[in-house]
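Just so it is clear, none of the values below were taken in a lab; they were calculated from the coordinates. All figures in this text were calculated on a predicted structure; none of them were measured in a lab. In this analysis, Cβ positions are derived from the backbone assuming ideal geometry, glycine residues included, and neighbour counts consider all displayed protein chains.
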């Protein structure tokens, strides 16, 4: 005869196979419907939470963002945020993952003739920031870097690894590392004042004008006259 614990294990196993665990029920609701008419599917729920977290962290920063706020933005129960990501710190680290498009855009811009490379780099960088799918992760990193060590570390990684790798073929010489970090500083500083601090008239300036003026600064760092 099976014990009570054995019978409980059998019931729990059956619920897992049928997708009726407490977590699955909370995510989908009765009869396979997502709670509150939301979209079914664990993967899409995870993505919705992560997207909401990036928007909230980008707008409010780490300290002012609560898991409740993220859950409300994602239109899910707060229990699901805990279920998928655990703590706010863990979710924040996930939100800091930068889009691969950033390195791709800079790498592409760095190819070709040195003439005009500064303008190409600025335009490529701005294009990633102007992309609504990329900006939240970038803003989360930049906005939080001053107060959160993980964000600061990710920002340094972006400057010393992501951008350095993209610029390795164009910034050369004995002081290449120094100049690469200066290019990163220029690009990140531009993005911070244009998209985060909203410094006017830079924030609303025409992209072509920003590229024309700012490109000269990068050109002088990338291409050093002997």
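Which FRET efficiency, nearest 0.05, do residue 216 and residue 97 yield, Cβ-Cβ r, R0 35 Å?
That pair, residue 216 with residue 97, gives E of 0.60.
Could you work out the mean projected area of the convex hull around the alpha carbons of the range 101-222, in square nanometres to one decimal?
For the range 101-222, the mean projected area of the Cα convex hull comes to 7.1 nm².
Taking Rh as the Kirkwood radius computed over C-alpha pairs, what is the Stokes-Einstein D of the range 54-149 at 37 °C in a medium of viscosity 0.692 mPa s, expressed in µm² per second?
Answer, rounded: 221 µm²/s.
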